[in-house]
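Inspection log for the structure reproduced underneath, given as structure tokens.
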Amino acid sequence: MTDKPDEAHDDESGPMDKVADIGRDIGSYIRQQRSSAKISLRQLSKLAGVSNPYLSQIERGVRKPSAEILQQIAKGLRISAEALYVQAGILDDLPAGGPVLDAIRADTELSERQKTVLLDIYESFRRQNRDETTPGTEPEQSHAEE
């Protein structure tokens, strides 16, 4: 037996522990996004249509917001709701793309529509390049055969 009985169960955190961790993670992510956008808690609560105390509780990890509240917060922050859903554990990770996708999603000067269009274009280029370099396939010819 160990002197510290809790150590034996560290790997076996229950579902409530995971929910609490997700709540803290999403709260700190929202706080980080709000800070980088230079928006006060009061301003974001007004933009998102969420009470100031409730938003504060979300940021501190005391409350875990619903998908609908996350969508309102994302709109207030002018970021992708999907990014918040991933942070909250509602969606699986977004497709890989590294810093380019992160930069597009985090850009506060782009509208959600502009972000969506840029992300779609970027992904179409990545798909095209991936298809052209897949072994066993011929790259498409851009010039007419002479």
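Coordinate-derived values only; no laboratory data. Predicted model only: the values in this text are computed from it and were never measured.
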Checklist outcome for this item: Extension length gain for Q114 and R127 (0.36 nm per residue less Cα distance), in nm, is 2.7 nm
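In whole percent, what relative contact order does the stretch 15-91 give with Cα contacts below 8 Å and a gap of six or more residues? Show your work: numbers first, answer last.
Working: 91 pairs, mean separation 29.6, N = 77.
Taking the mean separation of contacting Cα pairs over the length of the stretch 15-91, I get 38 percent.
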